[in-house]
1. Between His98 and Asp124, how many nm apart are label points set 7 Å from Cα along the C-beta direction?
2. Hey, what number do you get for the chain at 222 nm if only DSSP H runs of n ≥ 4 count, each worth -39500 (n - 2.57), divided across all residues, to the nearest 500?
3. Taking the Cβ of each residue in Trp12, Trp222, Trp145 as the centre, tally the other Cβ atoms inside 10 Å and list the residues starting with the fewest.
4. Using Cα-Cα distances under 8 Å and only pairs 6 or more residues apart, what relative contact order does the chain have, in percent?
5. In whole Å, how far is the Cα centre of region 133-202 from that of region 33-52?
6. Between Leu54 and Asp42, with labels modelled 7 Å along Cα→Cβ, what's the label distance in nm to one decimal, could you check?
7. Considering every Cα-Cα pair within region 84-221, what fraction, in whole percent, is farther apart than 24 Å?
8. May I have the extent of the alpha carbons of region 181-222 along their three principal axes, as whole Å values ordered from largest to smallest?
Amino acid sequence: MTECNELLTANWNLAQSTTRELLSTILSKRLDEVLVEGDNLDQLRQIERLGFPLEPASAGYGNESAATPKPEGAQTGALHRCMLLPHLSHSRLPVQQHEFSVSTEDVRRYGEQSGDLNPLHFDDDVARKHGFAGRISHGMLFNGWFTRLLGTEFPGAGTIYLRSTCVYLAPVYPDTPYTVRISTPRHDPSRGAYRILAQLFSADGQHATIAYADVLNRAPRW
């Protein structure tokens, strides 16, 4: 895999669509930046639940071809707007790919150490009754894998967390192969600052988890 130098962008009007449709479009098109508009602030607050990074939108930002049409007769200047920043394609540094899987033994050990003995993680019948194909792994097992990568491989020793966000989109099943795409949407070499994104994909290419980490890795002072 290589870095993507072009930003994949879109405009989105919440008056014409649901947040579920917005999420589906972001994932299927692997969008980087979405200018989201709504008639009121309550509409914009709905997209906070998607879990992607958000920023205020400048008045002049946006492209002419919207992902969904604006309501007929709507006045763009009167709409509330913000920038949604999934950054699912763009990377400032070369993209990495890793294999990932969780064993049944990993799940058992994590459950015992954390105290999370939810039967969804240990009993296939219980998990099926809740709509899953079988027992599922703890979401934090992937977070732990991501932490190990950050602290030992990229950026490596000395890395510290500033902020993290994780979006869980589908269950991760034990003893099942997955693929992780590691990208760097933001990088400030002068500060040693990175925003690193880990996208966990199932074998059919569907997102299972998306994790963002804002980290620092500065050179030792002596």
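Taken together, the values in this text are just the output of simple stated rules run on the coordinates, not laboratory data. A quick note: this is a predicted structure, and the numbers were derived from the prediction, not measured. Note: ideal-geometry Cβ built from the backbone for every residue, glycine included; neighbour counts use all protein chains shown.
1. 2.9
2. Working: 5 runs with 48 residues, N = 222.
Mean residue ellipticity, 222 nm, calculated: -6500 deg cm²/dmol.
3. Numbers: Trp12 24, Trp222 2, Trp145 19.
Sorted ascending by nearby Cβ count, the order is Trp222, Trp145, Trp12.
4. Numbers: 427 pairs, mean separation 43.1, N = 222.
After rounding, I find 19 percent.
5. Value for the Cα centre distance between the two parts: 25 Å.
6. It works out to 1.5 nm between the two label points.
7. Values: 3281 of 9453 pairs.
The proportion of pairs with Cα distances above 24 Å equals 35 percent.
8. The Cα atoms of region 181-222 stretch 47, 17, 11 Å along their principal axes.
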